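> Structure below; questions to follow.
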Amino acid sequence: MTISRIDCANRLPMTDTTPALDQPYDPAKVEPRWYAFWEKNGVFASTDAASDARPVYVVPMPPPNVTGSLHMGHAQRCTLEDALVRWHRMRGFNALWQPGTDHAGIATQLVVERLLAREGVTRHDMGREAFVARVWQWRRETGDRILLQQRILGASPDWSRAKFTMDPDLSRAVTEAFVRLYEQGLMYRATRLINWCPECRTSLSDLEVENEEGANGELFEFAYEVEGDAGPSAPREIVVATTRPETMLGDTAVAVHPDDPRYKALHGKCVRHPFVERSFPIITDAVLVDPKFGTGAVKVTPAHDFNDFATGKRHDLEEINILNLDGTLNANAGSFAGMDRKEARRAVKRALEERGLARGSKPHTLTLPRCQRSGGVVEPMISTQWFLKMGSMAERALDAVHSGKTEIIPAEWVKTYDHFLESIQDWCVSRQLWWGHQIPAWHGPDGKVVVARERPKDLGPEWTQDPDVLDTWFSSALWPFSTLGWPERTPALAKFYPASDLETGYDILFFWVARMMMMGLHFMGEVPFRRVLLSGLIVDETGEKMGKLRGNVIDPLDLVHGASFVDVVKKTLPGAPEAEALAKFKKAYPSAAAMGGGFPAFGADAVRFTLASYPPSNKRIALAPKRIEGNRHFLNKIWNATRLSLDLLGEHAWRDPIAPKGFYNQWIRSRFAATCAAVHAGMDAFRVDEATQAAYRFFWNDFCDWYLELVKPILRKQADGTFFRPDQVPETQDTLAYVLEGSLRLMHPLMPFLTEELWQRVPKPASRKASIAFGPYPTPDSETAAHDPSVEAQMELLQAVISAARTVRSEHNVDKKADVPMRVRSSSPETVAFLRGHHEAIRLLVKTAGEPSFEASSGARERGTTLSVVPAAAGSVEVLVGLKGLVTKDEEVARIDRELKKIDKELAAMDKKLSAPGFVDRAPREVVVESRQQRQALVDARERLVAARKVAEEL
RNA sequence: GGGCGGGUAGCUCAGCGGUAGAGCGCUGGCCUUACAAGCCGGAUGUCGCAGGUUCAAACCCUGUCCCGCCCA
């Protein structure tokens with residue numbers, strides 16, 4: 001076919017490697033070829049040169065963990081950020097999408113420890129230095145995998161600026177930040193009750209503790225014997241209830257409510273601990289004790305419970321730590337020392353029973369604090385750690401959002417952000433890990449501490465560096481400026497700080513976004529970014545969170561390249577029986593289950609377009625594979641429409657278009673202009689979903705369904721080799737080429753591969769650069785002159801007339817091949833004239849026998865015709881289709897009745913509205929006028945239908 | 001206990017003050033020389049429930065019931 005001839009035209013820079021435009025569209029043949037091309041042409045490059053006068057657009061990419069393999073969340077980040085970055089780049093911005101990876105302290109250490117465990121080695125066997133060396137080796141081998149995976153999705157960050165949080169320059173920034181914070185009195189060391197994960201053997205910040213609600217437990221009751229004699233009527237014992245019996249080894253008080261009459265006699269008395277040589281007081285505390293809960297008496301363990309800790313401070317109680325760092329009990333636990341905490345719980349209960357102090361137990365649901373990384377139960381524990389004061393930093397971060405210096409989109413999140421910062425506690429930043437930024441503090445004799453950028457030379461050998469490292473999120477919080485060279489005053493820092501947009505999932509609003517706000521304001525004196533764009537979390541099709549245990553994880557690359565479900569579940573549920581894993585997976589994705597044995601290769605563009613099509617207000621995004629399939633069909637549509645267009649354009653050489661005179665050309669240009677405006681509005685407001693929808697509808701429903709169909713007869717030569725309407729050919733070719741090329745550019749940020757592939761082949765101005773990615777982008781301004789609502793309104797009428805005739809054909813099951821006579825009438829001479837002007841389109845799209853006729857309305861009608869009405873205020877249009885011998889009287893009456901029913905329903909609604917008291921007086925005038933026009937159109941249409949029904953027997 | 005979302009067609013979701021929408025699914029007819037991953041048609045909703053504001057409410061307000069998430 002003609003396509004191959006066009007392939008040989010000199011439009012294509014890569015003729016030797018580019019396959020023909022085979023049908024159907026195969027992303028596997030197209031996508032792999034373009035990434036290297038973009039890199040070679042420097043598409044992704046930004047410049048920090050002060051002399052560059054372009055406006056700047058900066059997006060810091062949330063650095064994925066080096067442990068990470070690409071998951072749907074990453075794919076979503078990639079898609080949205082890449083769309084925004086490409087969009088700006090095409091519009092002439094100096095765009096920096098800052099890539100990199102995060103060292104992910106705990107996560108990485110756990111991964112490498114697990115590897116070592118297979119070799120039968122622990123990190124303690126190796127020692128710190130060797131272990132850290134091993135982690136570095138691991139990171140060199142696998143840490144960049146995720147960056148390679150992002151390329152498959154078409155991500156376009158400036159790779160030349162890629163950073164890793166443990167790079168020397170970023171590590172230096174971390175040290176500098178720590179030292180300055182210390183010098184400013186914001187970073188301090190303190191002994192406090194903190195969250196301790198015995199499995200990771202490190203402290204955690206409040207945010208790293210996840211509370212598991214509804215855990216099954218029991219409320220265990222036991223008695224403490226009261227010491228001394230409180231009088232004959234006073235109780236000899238006091239019964240307390242607890243969900244953690246083993247912590248009684250650290251009890252230093254029993255609390256009751258001051259007003260509780262049951263315990264009045266015991267105020268000030270002491271109880272004896274049954275297992276350790278200790279007695280402690282019965283105190284009164286209205287804050288801690290709810291007299292209605294349990295027995296109304298509460299055991300107090302200041303060293304292992306946050307509420308009890310506060311109570312201890314109020315009453316000056318002793319804090320007795322009973323735990324070792326690995327979760328076993330220490331010497332304070334007396335005879336229970338050395339036991340694991342779980343074992344100790346059983347042992348304590350048994351011992352209490354033996355002493356006759358147990359008072360029974362009942363089932364109880366509780367909230368269990370769990371470590372975000374290991375899943376282990378977190379123990380509150382007294383420990384000396386480094387803390388960062390949050391108060392004043394949090395205030396500035398709050399102000400920045402309230403004053404509009406940083407905008408959070410969607411705005412619903414502002415309240416959540418506020419609440420977090422308003423109630424924030426100081427941040428425990430030290431971690432007892434080996435992998436991370438070691439704290440730049442040195443400990444000397446007598447508890448002396450020195451904090452410095454480097455080990456001070458005058459410190460003796462007895463001074464040792466603090467073994468702890470910093471929370472991973474500490475270095476992440478510096479990301480928007482540490483990646484640009486801070487603390488040096490680099491050109492990049494001057495050019496690219498603050499960033500424009502920070503896009504991420506809402507799940508790290510506290511972990512990352514709020515902390516970057518605080519650190520950015522503190523160190524740079526300016527917000528780190530102008531907008532925070534938050535998107536929802538991707539969950540499975542039934543709304544469940546994706547997780548290994550659930551067996552519903554989808555690897556985005558499996559969607560891109562295709563994969564059998566068997567292979568998919570091998571990854572999601574390794575080791576599980578295949579049938580069971582498959583069943584779980586298919587239950588999680590009902591629409592995928594209908595696809596047969598696996599995912600077809602949807603291609604990166606289809607996955608991206610789908611991810612971009614969910615609105616950010618959606619907190620949970622239920623990933624429906626069917627939807628990806630639908631979008632792949634859309635890409636195929638673009639592919640084929642381009643093939644057709646190239647065929648219709650032949651050897652057409654680009655001419656800059658002038659304002660078209662032909663109606664269809666005016667119409668498609670107007671629709672294109674409206675679409676550019678809608679896409680721009682969507683992209684600008686972080687409603688990428690609206691941009692995708694506008695592009696989809698335009699390209700498919702306007703450009704393909706109508707414009708290409710209307711233009712075919714004009715641009716296709718007839719059998720005798722001549723054009724049917726030679727005078728219309730040049731302008732139509734120009735317009736087709738213009739809209740096609742513009743559409744590809746318009747959609748490029750959303751589907752970079754396909755648009756590049758096709759754009760390389762379509763006619764375009766000589767001024768265009770090597771890649772579509774260089775733009776320019778079709779903007780509302782560049783298209784606005786073509787926008788013409790009156791043309792669009794006329795086109796809608798024409799479309800309605802054609803559709804009416806098609807409906808009649810279809811409803812009466814007229815053979816597709818049969819030509820039918822058609823007659824169009826209206827009481828409006830203008831309408832008749834307009835429609836007559838489009839007789840050619842009507843003839844072709846309805847497939848009429850001979851030319852349709854156009855005339856003023858009259859009551860008479862030929863035998864054998866069926867009548868349908870298109871309501872219009874200026875005078876409804878009657879569409880008469882000759883169906884002699886093709887339809888019975890009954891069928892026609894039934895069809896007219898259906899039409900009447902519809903119109904009656906609309907008319908009733910309109911009458912109700914118009915006759916409602918106050919409507920005419922109080923509604924805006926244009927609404928009243930419009931409603932009256934609509935009603936008139938309906939009444940008119942109805943009259944014609946009623947008349948038509950009367951003569952239906954003529955059939 | 002506090003906060004934030006959500007409940008619209010069988011499914012996944014738009015719409016957020018002027019006559020209910022899309023994709024998928026369902027269904028009738030078409031292998032019409034771009035596309036069957038398609039084309040031309042069709043059916044399908046008391047917009048969670050109850051009040052209120054308004055000339056007008058899926059949309060605003062109040063209450064209420066479910067579902068989800070976050071914080072304590």
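> Kindly provide the set of residues from region A:594-615 that are under 30 Å from A:Glu412 (Cβ atoms) and either modelled with pLDDT of 90 or more or buried (at least 21 other Cβ atoms within 10 Å of the Cβ) (or both), ordered by number.
A:Ala606, A:Val607, A:Arg608, A:Phe609, A:Thr610, A:Leu611, A:Ala612, A:Ser613, A:Tyr614
> Of the residues that make up region A:858-865, is at least one assigned by TED's automatic domain parsing to the domain that holds A:Val928 and within 16 Å of RNA strand B (Cβ to nearest atom)?
Looking for residues that are assigned by TED's automatic domain parsing to the domain that holds A:Val928 and within 16 Å of RNA strand B (Cβ to nearest atom), one finds none in region A:858-865, hence no.
> Follow-up. Working carefully through the options A:Lys637, A:Lys545, find the one that is without any contact (Cβ under 8 Å) to a residue 24 or more places away in the chain, within 11 Å of RNA strand B (Cβ to nearest atom) and among the basic types (Lys, Arg).
Values: A:Lys637 fails: without any contact (Cβ under 8 Å) to a residue 24 or more places away in the chain.
Sole residue among the options that is without any contact (Cβ under 8 Å) to a residue 24 or more places away in the chain, within 11 Å of RNA strand B (Cβ to nearest atom) and among the basic types (Lys, Arg): A:Lys545.
> State yes or no: is A:Leu502 assigned to a helix (DSSP H, G or I), among the aliphatic types (A, V, I, L, M) and in contact (Cβ under 8 Å) with a residue 12 or more places away in the chain?
Numbers: assigned to a helix (DSSP H, G or I): no; among the aliphatic types (A, V, I, L, M): yes; in contact (Cβ under 8 Å) with a residue 12 or more places away in the chain: yes.
The answer is no for A:Leu502.
> Could you count how many residues in region A:517-572 are part of a loop (DSSP other than H, G, I, E, B), touching a Leu at 6+ places or on another chain (Cβ under 9 Å) and over 24 Å from A:Leu623 (Cβ atoms)?
Count: 2.
> Against the conditions (1) over 21 Å from A:Ala800 (Cα atoms); (2) modelled with pLDDT of 85 or more; (3) of a type outside the set (Lys, Arg), where does A:Asp890 fall short? Just the number, please.
Among (1) over 21 Å from A:Ala800 (Cα atoms); (2) modelled with pLDDT of 85 or more; (3) of a type outside the set (Lys, Arg), the lone unmet condition for A:Asp890 is (2).
> Would you pick out the residues in region A:180-211 that are closer than 12 Å to A:Cys428 by Cβ, surrounded by 15 or more Cβ atoms within 10 Å (Cβ to Cβ), more than 16 Å from RNA strand B (Cβ to nearest atom) and among the hydroxyl-bearing types (Ser, Thr, Tyr)?
Result: A:Thr202, single match.
> When the residues of region A:527-554 are filtered to those that are among the basic types (Lys, Arg) and at pLDDT 85 or above, which remaining residue is nearest to A:Pro600 (Cα to Cα)?
A:Arg531
> Here's a follow-up. Is it the case, given these coordinates, that A:Ala909 is crowded, with 17+ Cβ neighbours inside 10 Å and either in contact (Cβ under 8 Å) with a residue 12 or more places away in the chain or out of contact with any helix residue (DSSP H, G or I) (no Cβ under 8 Å at 6 or more places or on another chain) (or both)? Quick ask: steps written out before the conclusion?
On the way: crowded, with 17+ Cβ neighbours inside 10 Å: no; either in contact (Cβ under 8 Å) with a residue 12 or more places away in the chain or out of contact with any helix residue (DSSP H, G or I) (no Cβ under 8 Å at 6 or more places or on another chain) (or both): yes.
No.
> Would you pick out the residues in region A:576-634 that are more than 9 Å from RNA strand B (Cβ to nearest atom), more than 22 Å from A:Leu549 (Cβ to Cβ) and under 19 Å from the mean Cα position of the chain (by Cα)?
Within region A:576-634, A:Ala604, A:Asp605, A:Val607, A:Arg608, A:Phe609, A:Thr610, A:Leu611, A:Ala612, A:Ile628 qualify.
> With the requirement that a residue be more than 10 Å from RNA strand B (Cβ to nearest atom), free of Cβ contacts under 8 Å to residues at least 60 places away in the same chain and surrounded by 15 or more Cβ atoms within 10 Å (Cβ to Cβ), what does region A:793-819 give you?
Listed by number, the list holds a single entry, A:Leu798.
> Just give me the residues in region A:813-834 being over 21 Å from A:Arg942 (Cα atoms) and either touching a Phe, Trp or Tyr at 6+ places or on another chain (Cβ under 8 Å) or not acidic (Asp, Glu) (or both), in sequence order.
Listed by number, the residues that qualify are A:Asn813, A:Val814, A:Lys816, A:Lys817, A:Ala818, A:Val820, A:Pro821, A:Ala833, A:Phe834.
> Restricting attention to region A:280-301, does a residue exist that is loosely packed, with under 15 Cβ neighbours inside 10 Å, under 17 Å from A:Arg244 (Cβ atoms) and in the same structural domain as A:Leu219 (by TED's automatic domain parsing)?
Yes: region A:280-301 contains one or more residues that are loosely packed, with under 15 Cβ neighbours inside 10 Å, under 17 Å from A:Arg244 (Cβ atoms) and in the same structural domain as A:Leu219 (by TED's automatic domain parsing).
> Same structure again: Please indicate, with yes or no, whether at least one residue in region A:199-219 is in contact with a Phe, Trp or Tyr (Cβ under 8 Å, 6 or more places away or on another chain) and of a type in the set (Lys, Arg).
no
> For region A:820-852, enumerate the residues that are crowded, with 20+ Cβ neighbours inside 10 Å and either among the charged types (D, E, K, R) or without any contact (Cβ under 8 Å) to a residue 12 or more places away in the chain (or both).
A:Arg825
> Whether any residue in region A:217-232 is within 59 Å of the chain's Cα centre (by Cα), touching a residue at least 12 places away in the same chain (Cβ under 8 Å), assigned to a strand (DSSP E or B) and over 18 Å from A:Thr295 (Cα atoms) is what I want to check.
No, region A:217-232 has no match at all.
> Another question, if that's okay. Taking helices (runs of 4 or more DSSP H) that fall entirely within region A:579-652, which contain at least 2 residues that are more than 28 Å from A:Arg151 (Cβ to Cβ)?
Helices (runs of 4 or more DSSP H) meeting the threshold: A:590-593, A:625-649.
The values are calculated or read from the model by the stated rules, or taken from the named source; none is laboratory data. Since the model is a prediction, treat every value here as computed from it, not as a measurement. Counting neighbours? That spans all protein chains shown, and the Cβs are built from the backbone with ideal geometry, glycine included.
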